[in-house]
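In what follows, a single structure is set out as structure tokens and then discussed.
The values are calculated or read from the model by the stated rules, or taken from the named source; none is laboratory data. The structure displayed is predicted, hence computed values, not measured ones. Cβ placement follows ideal geometry from the backbone for every residue including glycine, while neighbour counts extend to all protein chains displayed. Ligands, DNA and RNA are stripped out before the accessible areas are found, and what is left, the full protein with its side chains, is counted by its heavy atoms. Shrake-Rupley method; radii C 1.70, N 1.55, O 1.52, S 1.80 Å.
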Amino acid sequence: RFFMELERVELRAGDDIVRIGCRNDYFYILFEGGAELSTDPAATATVVELLPGSHFGEEALLAGTASNVTVRMKADGAVGRLGKLQFDQILRPALVQVIDRETAAGFLDDSARCCELLDIRPAEAFADGHRTGARALSIESLRSSLHQLAAGATFLVTPEGGQHAQLGVFLLRQGGRSAYLLAD
């Protein structure tokens, strides 16, 4: 179904697919040509080359935020794009797995399992109230501290962070960690 839903878009060298700071309502896969991903289009040091098969756009869709990168075609080519509705129906469940309260309680009670409860909200929101036993780890600091989190642990992310909590689960899983979003 995923491949059937992809819309093919032809692009020319120099075309911006995604612009930093702009709303993005698509998940993309580079089909043909080459592209560059940059967190600062004016700087050359932050450029990542994208080859056919590369994908992007999922973080902005998961978090419901503007794009934090610019992706520009370096050669004529094509992308496949999947709209937000199709992304939510097809990919989101695989990228952000949800765990029910009973299973989560079993994980937390299992002394043989290293399990940690994370609250992804900003420190101010965490200070206003949080679940017992939860550790504060804002989405902003998650990327930089991912390497410090136990590789064999299971992370349960509280749902209070909304879409940022979903992005946190995705980033943890992308970083090789076992992570689930607690059901509301």
**Prompt:** If we scan the range 34-57, do we find a residue that is touching a Pro at 6+ places or on another chain (Cβ under 9 Å) and either within 21 Å of residue 92 (Cα to Cα) or touching a residue at least 24 places away in the same chain (Cβ under 8 Å) (or both)?
**Reply:** yes
**Asked** Quick one: residue 174 ticks every box in (1) open to solvent by 70 Å² or more (accessible area, probe 1.4 Å); (2) in contact (Cβ under 8 Å) with a residue 40 or more places away in the chain bar one, so which box is it?
**Response** (2)
**Asked** Does any residue of the range 8-22 turn out to be among the charged types (D, E, K, R) and either without any contact (Cβ under 8 Å) to a residue 12 or more places away in the chain or in contact with a helix residue (DSSP H, G or I) (Cβ under 9 Å, 6 or more places away or on another chain) (or both)?
**Response** no
**Message:** Being of a type in the set (Val, Ile, Thr) and closer than 16 Å to residue 162 by Cα narrows it down to one residue among 90, 99; which is it?
**Reply:** 99
**Prompt:** Do you know which of the residues in the range 119-155 that are in contact with a Leu (Cβ under 8 Å, 6 or more places away or on another chain) and either charged (D, E, K, R) or assigned to a helix (DSSP H, G or I) (or both) is most open to solvent (accessible area, probe 1.4 Å)?
**Reply:** 143
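Does residue 101 satisfy the criteria of being among the basic types (Lys, Arg) and over 26 Å from residue 18 (Cβ atoms)?
yes
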**Request:** Find all pairs meeting these conditions: Cβ atoms under 8 angstrom apart; at least six residues apart or on different chains; first residue within the range 124-148 and in contact (Cβ under 8 Å) with a residue 60 or more places away in the chain; second residue surrounded by 14 or more Cβ atoms within 10 Å (Cβ to Cβ) and assigned to a helix (DSSP H, G or I).
**Result:** 139/63; 139/161; 139/164; 139/167; 139/168; 139/171
**Request:** Being assigned to a loop (DSSP other than H, G, I, E, B) and closer than 21 Å to residue 174 by Cα is the filter; apply it to the range 95-105 and report the residue that is farthest from the chain's Cα centre (by Cα).
**Result:** 97
